[in-house]
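The next block holds one structure in the form of structure tokens; read it before the comments.
The values are calculated or read from the model by the stated rules, or taken from the named source; none is laboratory data. These figures come from a predicted structure and were not determined experimentally. Because the Cβ atoms are built from the backbone with ideal geometry, glycine has one as well, and the counts that use them run over all protein chains shown.
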Amino acid sequence: MRTFDLSPLYRSTVGFDRLFSLMDGAEAAPGYPPYNIERTGENDYRVTVAVAGFSENELSIESKENTLTIKGAKQTTSEQSGEVLYQGIAARAFERQFQLADYVTVKNAVLENGLLHVELVREIPEAKKPRQIPIGNANAKPQVVENKVAA
């Protein structure tokens with residue numbers, strides 16, 4: 001339940017309309033399907049989505065600009081062997097989007113045991129990495145500084 005009004009901010013800002021519309025519609029995010037985001041290395045990540053009951057041909061993964069979209073749609077079949085008395089296994093269509101940081105790309109995706117694992121890697125171009133410039137030596141060349149995460 002929201003008790004504040006953002007409309008006065010709309011008229012005093014320029015170019016932030018997307019930000020305010022995101023804040024305006026910030027209600028509870030859909031909880032289906034559940035997912036995990038893991039860091040598996042210094043520049044490696046894994047998104048794991050629970051997609052029990054979906055096969056590989058019922059799932060689609062799309063990476064466009066800085067957005068990873070995972071969609072699932074069950075194909076309807078009329079081959080049911082009996083009458084369903086209770087249906088607790090969700091089989092509804094879904095679409096889950098993840099915002100990716102710059103230079104993060106999808107490496108691969110694997111479906112195993114009802115979990116969809118999407119492997120991501122951050123590959124910073126050589127030109128964007130910080131360089132150490134030596135002082136006083138005209139013949140020395142700049143060296144790329146590697147950022148190491150202390151474990």
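Odds and ends about this structure:
- Among the residues of segment 29-49, those identified as surrounded by 15 or more Cβ atoms within 10 Å (Cβ to Cβ) and among the aliphatic types (A, V, I, L, M) are V47, V49.
- The strands (runs of 3 or more DSSP E) found wholly in segment 29-124 and carrying at least 3 residues that are modelled with pLDDT of 90 or more and of a type in the set (A, V, I, L, M, F, W, C) occupy 44-50, 104-112, 115-122.
- Neighbours by Cβ (under 7 Å, 6+ apart or cross-chain): first from segment 107-132, touching a residue at least 12 places away in the same chain (Cβ under 8 Å); second among the basic types (K, R) and surrounded by fewer than 15 Cβ atoms within 10 Å (Cβ to Cβ): E119/K107; L120/K107; V121/K107
- Residues satisfying the criterion are present in segment 66-82 (criterion: in contact with a Phe, Trp or Tyr (Cβ under 6 Å, 6 or more places away or on another chain) and farther than 14 Å from V118 by Cα).
- Answer residue from segment 91-137, given it is within 30 Å of K74 (Cβ to Cβ) and of a type in the set (S, T, N, Q) and is farthest from the chain's Cα centre (by Cα) among those: N113
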